[in-house]
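Novice: This is the structure I want to talk about, given as structure tokens.
The values are calculated or read from the model by the stated rules, or taken from the named source; none is laboratory data. Since we're looking at a predicted model, the values are computed, not measured. A quick note on method: Cβ atoms are made from the backbone with ideal geometry, for glycine too, and the neighbour counts reach across all protein chains shown.
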Amino acid sequence: MHIQQNIQLVRQSIPADVRLVCVSKYHTIETVQEAYNCGERVFGESRAQELQVKVQALPKDIEWHFIGHLQTNKVKLVCQYASLIQSVDSLRLFNAIEKTAKEINTIVDILLEVHVAQEDTKTGLTPTELFELLEVIKQQPSPHIRIKGLMGMATNTDDENQIRQEFRQLKIIFDQVKSTYFPTNEHFDTLSMGMSDDYTIAIEEGSTMVRIGGKIFS
Ligand SMILES: *Cc1c(COP(=O)(O)O)cnc(C)c1O
């Protein structure tokens, strides 16, 4: 692996106001440490247990993001360790996070995950489900959750035009959600979209946060 060169290349290709999450899932502690030594401080994990092991072994100033499908029985673990849960995809999970955050007396930052890709395999709320969820949570106080924005993935395809259309759709949804539900809320500012193969398109379409694994750790 040429982590230092990889990071340099990625850093050169993203604007300073776009945040980089180094997706370190499945990679060893030593590998993450190497990226840390290059100056990276934000890492993404997709499994609760793996997150816990890495948090405990690595420097304390790392900001950990949880980006995987989260089961409600792992919520407590993840709420303790993650600065941002990017993958909230149901009201049930939202409510479990609110309950846990209250119990451990913290405020948890989250993104709502939206499904815009063509594939059925990808998780996330459909746009309709997203607006239904927002209507429900508008009526119920959730003082222990701060909704920071949206996360989404494009279809895994070579068709650049399709990828662009999906990111564009996500950006339109983001703007709609912001103006409807968070017009004066400065915390709602994050649109997490773009991975190793499509992040340049995502940035062109309005991404504020990219999640890159393979292009760094290979
Ligand atoms: C694995 C993963 C990534 C990183 O994907 P790469 O193609 O390796 O850059 C980004 N986002 C999510 C949600 C992931 O699960």
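Novice: Looking for whichever is under 21 Å from residue 102 (Cβ atoms) and modelled with pLDDT of 95 or more here; the options are 173, 145. Which one fits?
Specialist: Checking each option against the conditions leaves just 145.
Novice: Considering only the range 24-88, give the strands (runs of 3 or more DSSP E) lying wholly within it that have at least 1 residues that are among the β-branched types (Val, Ile, Thr) and in contact with a Lys or Arg (Cβ under 8 Å, 6 or more places away or on another chain).
Specialist: The strands (runs of 3 or more DSSP E) meeting that bar are 42-45.
Novice: Let me ask something else about it. Filter the range 171-218 down to the residues that are polar (S, T, N, Q) and without any contact (Cβ under 8 Å) to a residue 12 or more places away in the chain, then identify the one that is nearest to the ligand (Cβ to nearest atom).
Specialist: So, considering only residues that are polar (S, T, N, Q) and without any contact (Cβ under 8 Å) to a residue 12 or more places away in the chain, the one nearest to the ligand (Cβ to nearest atom) is 176.
Novice: Also, I was wondering about something else. If you scan the range 113-142, which residues turn out to be basic (Lys, Arg) and closer than 26 Å to residue 101 by Cα?
Specialist: Scanning the range 113-142 gives a single hit, 138.
Novice: Another question about this same structure. So residue 11 passes all but one of these: (1) closer than 27 Å to residue 203 by Cβ; (2) in contact (Cβ under 8 Å) with a residue 24 or more places away in the chain; (3) part of a helix (DSSP H, G or I). Which condition number does it fail?
Specialist: That leaves (2) as the condition not met.
Novice: Tell me yes or no: at least one residue of the range 56-75 is out of contact with any Phe, Trp or Tyr (no Cβ under 6 Å at 6 or more places or on another chain), farther than 22 Å from residue 111 by Cβ and among the hydroxyl-bearing types (Ser, Thr, Tyr).
Specialist: Checked against the condition, which is being out of contact with any Phe, Trp or Tyr (no Cβ under 6 Å at 6 or more places or on another chain), farther than 22 Å from residue 111 by Cβ and among the hydroxyl-bearing types (Ser, Thr, Tyr), the range 56-75 yields no hits at all.
Novice: Mind telling me which of the residues 129, 135, 160, 103 ends up being within 16 Å of the ligand (Cβ to nearest atom) and of a type in the set (Asp, Glu)?
Specialist: The match here is 160.
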